[in-house]
1. Could you go through the range 145-158 in sequence order and give the Karplus-derived ³J(HN,Hα) for each residue, using 6.51 cos²θ - 1.76 cosθ + 1.60 with θ = phi - 60°, rounded to whole Hz, and x for Gly and Pro?
2. Using Cα centres only, tell me the gap between the range 41-71 and the range 111-164 in whole Å.
3. Could you state the accessible area per residue of the range 101-173 in Å², with a 1.4 Å probe and every protein chain left in place?
4. Non-local amide H neighbours of Val132 (under 5 Å, H modeled in plane, Pro and chain starts lacking H): which ones?
5. Where the accessible area of the range 31-125 is counted over protein heavy atoms with a 1.4 Å probe, how much of it, in %, is carbon and sulfur?
Amino acid sequence: MKKIFIALTLAICFSAAVAQSQETTVSEDQEVAVALQNEFWGSILGETSKHDVKAKLESRKLSSSEYGSSIIIDAPTLDGLNYTYASMDFDEDVLSSVTFMKSGLSKEDAIVFSKAIYGNLADKYVMIKTHVDGFDCYFTNVGTTTCTIYITQTEYGYTTSVCYEYGTVKLKN
């Protein structure tokens, strides 16, 4: 059941990112001086192989498990916030994204948690707001990293996620 939930959440992550990139506009002269985080537990988006990610997680004594082509980490912390899971995903054996998820939330708690994530990022980056499935979602991209904050609903409640992904979304001008 846990694996089905994770798979559904990951599928929604990619759908939300695509929907956001299609519905949002941004000015080209908006610039950000601070690089987005692209290193997680010693592994770098777009560079580190799956084999090396496993070795780095093991050396840090982090509890992880594989699910399909993903590596799942239980109870990670990011920017002082506690999450239920993190999913490290790969494209052609290279780390392509890391998604932190807090699941089993009420609708109100999911919104509050989303605002806490936003608060950690908004002072450093231009966060672009859009709406996906009736919720405020935010994203930004700097260099080769895109960060997306979004909320999804499942049969187990609501999940708030923040996804760091290698590559940049194409924004409408």
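1. After applying 6.51 cos²θ - 1.76 cosθ + 1.60, I find 10, 10, 10, 10, 10, 7, 10, 10, 10, 10, 5, 9, x, 9 Hz.
2. 24 Å
3. Working: 3430 Å² over 73 residues.
Accessible area per residue: 47 Å².
4. Cys137
5. Details: 2210 of 4960 Å².
Carbon plus sulfur share of accessible area: 44 percent.
The values are calculated or read from the model by the stated rules, or taken from the named source; none is laboratory data. This is a predicted model, so every value here is computed, not measured. These area figures cover heavy atoms from the full protein model, side chains too; ligands, DNA and RNA do not enter into them. Shrake-Rupley method; radii C 1.70, N 1.55, O 1.52, S 1.80 Å.
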